[in-house]
Structures are given as structure tokens and as C-alpha cells.
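Since the structure comes first, as C-alpha cells, the remarks are kept for the end.
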Amino acid sequence: MDPHLIEEQMEEFSEWLKDQHDLPQGFDKINLVWYLKASEFNLEAAQKLFRNSITLRDKNPQIFTQRDPASPEMQTLIKAV
């Protein structure tokens with residue numbers, strides 16, 4: 001993929017994000033590139049993936065926190081499986 005095109009897409013992604021007041025701000029370019037790469041450098045798909053991942057994290061914080069496998073809660077889950 002052309003590095004200039006990647007840079008252009010990162011800038012477009014960054015500008016789009018600035019206009020999305022319902023989404024968190026302050027993501028660096030490395031994070032944006034991850035979404036672009038995961039979406040095969042399809043900007044619209046990267047934006048959708050970004051929005052969906054933020055929504056998932058907001059609605060299900062327990063998935064992303066308290067992930068200590070030695071905790072009593074996790075041990076109970078492990079034993080249940």
C-alpha cells in the first residue's frame with residue numbers, strides 16, 4: 001500500500017474523529033492505523049470498526065477490566081466451564 005495514501009487516510013480518519021463528539025478523543029495515529037489495517041485500509045470500514053469497538057467497551061466494561069485469572073470470580077467461571 002502506498003505510504004502517502006495511508007497518511008492521507010490517517011488524516012481523514014483523524015478529522016472524522018474530531019467531528020464525532022460522542023466518541024472519545026485523543027487517539028494517536030498508531031491506534032488509527034490499527035483500525036485502518038484491520039479494515040484492509042477501507043476508511044469507512046475502519047470508522048465503523050472504531051465506533052463499534054468503543055460502543056462494545058462502553059456497554060460491557062466487565063469484559064475489559066478485572067481480568068485476573070486468579071481472582072475468585074474468574075476461578076468460579078473457569079470451574080463452571
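The values are calculated or read from the model by the stated rules, or taken from the named source; none is laboratory data. Everything numeric here is computed off the predicted structure, so don't read it as measured data. Ligands, DNA and RNA are excluded from the accessible area calculation, which covers all protein heavy atoms including side chains. Shrake-Rupley method; radii C 1.70, N 1.55, O 1.52, S 1.80 Å.
Points to keep in mind about this one:
- Output for segment 7-30, where each listed residue is in a helix (DSSP H, G or I) and either of a type in the set (S, T, N, Q) or open to solvent by less than 40 Å² (accessible area, probe 1.4 Å) (or both): 9, 10, 13, 14, 17
- For segment 31-81, taking the residues that are of a type in the set (A, V, I, L, M, F, W, C) and assigned to a loop (DSSP other than H, G, I, E, B), the one that is nearest to residue 16 (Cα to Cα) is identified as 41.
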